[in-house]
1. How do the pairs read when you match residues in region A:62-80 that are closer than 11 Å to A:D130 by Cβ and without any contact (Cβ under 8 Å) to a residue 60 or more places away in the chain with residues anywhere that are within 12 Å of DNA strand C (Cβ to nearest atom) and open to solvent by less than 10 Å² (accessible area, probe 1.4 Å), using Cβ under 9 Å and keeping only pairs 6 or more apart or on different chains?
2. List the residue pairs whose Cβ atoms are under 7 Å apart, where the first residue sits in region A:82-103 and is basic (K, R), the second is modelled with pLDDT under 80, and the two are 6 or more positions apart or on different chains.
3. Among the numbered conditions (1) open to solvent by 20 Å² or more (accessible area, probe 1.4 Å); (2) in the same structural domain as A:A22 (by TED's automatic domain parsing), tell me where A:K186 comes up short.
4. Determine, yes or no, whether A:V171 is under 13 Å from the mean Cα position of the chain (by Cα), buried (at least 19 other Cβ atoms within 10 Å of the Cβ) and touching a residue at least 40 places away in the same chain (Cβ under 8 Å).
5. Looking at the structure I just gave you, is A:G192 open to solvent by less than 10 Å² (accessible area, probe 1.4 Å), within 16 Å of DNA strand C (Cβ to nearest atom) and out of contact with any helix residue (DSSP H, G or I) (no Cβ under 7 Å at 6 or more places or on another chain)?
6. Residue check: is A:H65 away from DNA strand C (no atom under 16 Å from the Cβ), assigned to a strand (DSSP E or B) and either at pLDDT 90 or above or of a type outside the set (V, I, T) (or both)?
7. Residue under question is A:G15, and the condition is that it be in a helix (DSSP H, G or I) and away from DNA strand C (no atom under 16 Å from the Cβ); does it hold?
Amino acid sequence: MPEGHSVRRLAQQFGDVFTGEALSVSSPQGRFAAGAALLDGHILTDSRAHGKHLFLHFDHAVVLHVHLGLYGAWDFGGDATFLGASSIGAPRKIGEREVFDDDGTAEYAGPPEPRGAVRVRLVSAHGWADLRGATTCAAITEAEAGAVLARLGPDPLRNQPEARTRFVTGVLSRKTPIAALLMDQKVIAGVGNVYRAEVLFRQGLDPWLPGNALQGSAAGLLWDDTAVLMADGVRDGRIITTPAGYWAEGAALPSGDDAHYVYKREGLPCRVCAAPVAITELAGRKLYWCPGCQQ
DNA sequence: GATTAATGCTAAA
DNA sequence: TTAGCCTTAATCT
């Protein structure tokens, strides 16, 4: 999935192109027909992300709650007004991989025929958005949205009071391996398998180190580095954890192969110590790490 | 063309 | 603990 940085970009995109607009809401696939009817015709008033959760608030205190899960994605399209309103480069798709139109010459002729299982379609005067493949898509009350937030840990992309302290305390109070704690959305919201592997490498932490065995300062630095990486991800629209020295000569951005230290690099030599990058299954997910650097 | 794996979580069993 | 979501890209045959 899109980790927290993608969902933050989605919230930004909805804010840019739909806030203040009355939206026609439908469910071409049918599975969200009742929820769509509840939202249809209402004005989008706010758009927020917390971790991997997206909340679209409407003018009658109903909230569209979306979690993309493993492969959910939003598609966008619209006229020049719509495209011009987007502050993040007007991607056509935000989800597991962002897609940009190669040219802006196509005439806008309204929303296309729904292709595949479109769970929700939002249509404004100037554009549209389609949701497919999401794990969660629900019309809920403000109170219910608050309950979802309450069970999430601090999000490094938000300026919440005591966020860093809450993370450090959460880590130090548990004996669970740090690699598992980073994936626990109650401990820190928005980190997925890529950021987990990369930030542990960058901090030189053994993935199996129990949370309560970390130094408080190490846990704090882990939070700080995660926050930096995720903010970069919001800016870039992708996860890049290596510095320019590891990219092709003169490249402004790395190729996919050069963007990470360990993620999906099992068996390849570590970029720092040349030991083979290891892969292990941990709680049903693949964990990539360098046995040389992370001890 | 078919199969697999994927940045994740929920609900059923 | 497992199926499910029902997409996409990469890898297979």
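1. Between residues of region A:62-80 that are closer than 11 Å to A:D130 by Cβ and without any contact (Cβ under 8 Å) to a residue 60 or more places away in the chain and residues that are within 12 Å of DNA strand C (Cβ to nearest atom) and open to solvent by less than 10 Å² (accessible area, probe 1.4 Å), the close pairs are A:D75/A:I94; A:D75/A:G95; A:D75/A:V118; A:D75/A:D130; A:D75/A:L131; A:G77/A:D130.
2. Matching pairs, first to second residue: A:R92/A:V99; A:R92/A:F100; A:R92/A:D101; A:K93/A:V99.
3. Going through the list (1) open to solvent by 20 Å² or more (accessible area, probe 1.4 Å); (2) in the same structural domain as A:A22 (by TED's automatic domain parsing), A:K186 breaks only (2).
4. Working: under 13 Å from the mean Cα position of the chain (by Cα): no; buried (at least 19 other Cβ atoms within 10 Å of the Cβ): yes; touching a residue at least 40 places away in the same chain (Cβ under 8 Å): yes.
Criteria not met by A:V171.
5. Numbers: open to solvent by less than 10 Å² (accessible area, probe 1.4 Å): yes; within 16 Å of DNA strand C (Cβ to nearest atom): yes; out of contact with any helix residue (DSSP H, G or I) (no Cβ under 7 Å at 6 or more places or on another chain): yes.
Yes: the conditions hold for A:G192.
6. no
7. Numbers: in a helix (DSSP H, G or I): yes; away from DNA strand C (no atom under 16 Å from the Cβ): yes.
Judged against the criteria, A:G15 is a match.
Rundown of residues vs (1) in a loop (DSSP other than H, G, I, E, B); (2) not hydrophobic (A, V, I, L, M, F, W, C), yes/no style:
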{"site": "A:E144", "(1), (2)": "no, yes"}
{"site": "A:L149", "(1), (2)": "no, no"}
{"site": "A:L152", "(1), (2)": "yes, no"}
{"site": "A:V187", "(1), (2)": "yes, no"}
{"site": "A:V191", "(1), (2)": "yes, no"}
{"site": "A:E198", "(1), (2)": "no, yes"}
{"site": "A:L205", "(1), (2)": "yes, no"}
{"site": "A:A218", "(1), (2)": "no, no"}
{"site": "A:T226", "(1), (2)": "no, yes"}
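The values are calculated or read from the model by the stated rules, or taken from the named source; none is laboratory data. Here the structure is a predicted model, which means the values were calculated and not measured. Here the Cβ is made from the backbone with ideal geometry for all residues, glycine too, and neighbour counts use every protein chain on show. All accessible areas refer to the heavy atoms of the entire protein, side chains included, with ligands and DNA or RNA removed. Shrake-Rupley method; radii C 1.70, N 1.55, O 1.52, S 1.80 Å.
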